[in-house]
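Written out below as structure tokens is the structure these notes cover.
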Amino acid sequence: MTATTIARPGRNELCHCGSGRKYKHCCLEKDNAAASAALKAAAEAEQQGVSVEVIDPRTLQPLDEEALVSSVKKTNRAVVAHEAVTRMGFGAEVAAVLQYQAFDWLDAPIERVGAKFAPLPFAPVMEQFVVPGPDDVLDAIRRTVGR
């Protein structure tokens, strides 16, 4: 991971994974369960010339809306990734917050990445099909930056 930054609101710190350059392409909000997929996708996007800021909200209630909105103001784009189903999941609430508070800064629609609308299977191979992975997140990043 060459230049991925994880912002952890509420902890007064930024964890830099690599160089501390500014992020101009995309803001990726994710919940803790999607951490691995988000970080792998951000690292791959970085290799393709797209800088991504990964925001880890840490808590859903209270939600640090200020950190999410300030990231969108920097990048002008947002991808929300989580393991719950896309419809009516946590990502829908984050997208609503961003749409309401950062609409004027968005240059592209908010991309949402979540599980397919299906019962969570027991078999690990089937679970990999339902739960979003790094490729799903990377596809959303590409869509939002137009690549």
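What to note about this one:
- When Ala102 is tested against (1) of a type in the set (Gly, Ala, Ser); (2) within 14 Å of Val137 (Cα to Cα); (3) surrounded by fewer than 21 Cβ atoms within 10 Å (Cβ to Cβ), only condition (2) is not met.
- Residue count for the range 125-147, restricted to those that are open to solvent by 90 Å² or more (accessible area, probe 1.4 Å) and either at pLDDT 85 or above or part of a helix (DSSP H, G or I) (or both): 6.
So that you can scan it fast, the table gives a plain yes or no per residue for (1) of a type in the set (Phe, Trp, Tyr); (2) in contact (Cβ under 8 Å) with a residue 12 or more places away in the chain; (3) closer than 15 Å to Glu111 by Cα; (4) open to solvent by 10 Å² or more (accessible area, probe 1.4 Å):
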position: Lys40; (1), (2), (3), (4): no, yes, no, yes
position: Ala43; (1), (2), (3), (4): no, yes, no, yes
position: Gly49; (1), (2), (3), (4): no, no, no, yes
position: Leu60; (1), (2), (3), (4): no, yes, no, yes
position: Leu68; (1), (2), (3), (4): no, yes, yes, no
position: Thr75; (1), (2), (3), (4): no, yes, yes, no
position: Gly89; (1), (2), (3), (4): no, yes, yes, yes
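The values are calculated or read from the model by the stated rules, or taken from the named source; none is laboratory data. Keep in mind the model is a prediction, meaning the values are calculated, not measured. Every residue, glycine among them, receives a Cβ derived from its backbone with ideal geometry; neighbour counts consider all protein chains shown. All accessible areas refer to the heavy atoms of the entire protein, side chains included, with ligands and DNA or RNA removed. Shrake-Rupley method; radii C 1.70, N 1.55, O 1.52, S 1.80 Å.
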